[in-house]
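To keep things clear, I will list the structure first and then write my remarks on it.
The values are calculated or read from the model by the stated rules, or taken from the named source; none is laboratory data. All values derive from a computational prediction rather than experimental measurement. Backbone-built Cβ (ideal geometry, glycine too); neighbour counts: all protein chains shown. For the accessible areas, the whole protein counts, side chains as well, though only heavy atoms, and no ligand, DNA or RNA atoms are used. Shrake-Rupley method; radii C 1.70, N 1.55, O 1.52, S 1.80 Å.
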Amino acid sequence: MIIEFLRQEHRNIEKLLLALEQEMIVFDRGERPDYEVVRAIISYFEVYPDLYHHPQEDMVFEKLKARDPAGAASIGDLAAEHRSGAERLRRVARAVESVLMDLEVLRQSVDDIIRDFIERERRHIAMEERDFFPAALKALQPQDWAQIAATLTDQKDPLFSETVEKRFDAVRRHILQLEQEAESDRA
C-alpha cells in the first residue's frame, strides 16, 4: 500500500538524518567529518524526496482535501512545508560548500544550519506519521488509492533499492556501519 511505502521511505530518511547527525558529532569535536558522506546525503535529499516522495504525498493530500477538507486543513499546507524543507536543504548545501571552499564561516553557524535541518525534517515526518497518514487512511476510498497508484512511477530509490547509484556508495557503507555499531551496542 502507498502509505506503507511512504512510511518505509520515512524510515530510510531517518537513517540519513542519523548519519548526518553522526557526522555533526565529529564536526562538533573539531575534527573533519566525512564530507563525501555529507555531500552524498545532501545530493540524495536534493533529488529523491522532491522528485518522488513528496509528489506522492502531495497526490494523497489532494485526495484528502477532496474527501475531508477539515482533516486536510488541520494538517496545514503540506506543499509549503515541503518547499521550506527544500530551502533549508539549500542552506545546508551552501554551508557545507563554504566549509569545503575554506570560506570564513563560523563553525557554530554551520552546526546550527545543519542541526535545524535535521530537527525540522524529523518534526515534519512525525507530523505526517501522526496526523496526515492516519487522516488519509481514514478518508480516502479504494478508488482514490487506485488512482494514486496508477500515477506512480517505477523509479527506484537511488540509495535504498537493490541498485544503489554509485554516488551514494559512501553513504550506504556509512549507514551500514552505523547499524552494525548500534547492533553491537545492543548485544
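The C-beta contact set for the stretch 102-128 (first residue crowded, with 16+ Cβ neighbours inside 10 Å, second residue of a type in the set (Phe, Trp, Tyr), distance under 9 angstrom, 6+ apart or interchain) comprises 110/27; 114/27; 117/45; 121/45. Take the conditions (1) within 29 Å of residue 150 (Cα to Cα); (2) open to solvent by 50 Å² or more (accessible area, probe 1.4 Å); (3) touching a residue at least 40 places away in the same chain (Cβ under 8 Å); residue 36 misses just one of them, which is (1). Counting residues in the stretch 137-151 that are closer than 18 Å to residue 86 by Cβ, surrounded by fewer than 13 Cβ atoms within 10 Å (Cβ to Cβ) and either free of Cβ contacts under 8 Å to residues at least 60 places away in the same chain or not basic (Lys, Arg) (or both) gives zero. The condition (being touching a helix residue (DSSP H, G or I) at 6+ places or on another chain (Cβ under 8 Å), open to solvent by 20 Å² or more (accessible area, probe 1.4 Å), at pLDDT 90 or above and within 26 Å of residue 152 (Cβ to Cβ)) is satisfied by just one residue among 79, 86, 72: 79. For the stretch 16-27, does any single residue satisfy the condition of being more than 28 Å from residue 181 (Cβ to Cβ) and β-branched (Val, Ile, Thr)? No: the stretch 16-27 contains no residue that is more than 28 Å from residue 181 (Cβ to Cβ) and β-branched (Val, Ile, Thr).
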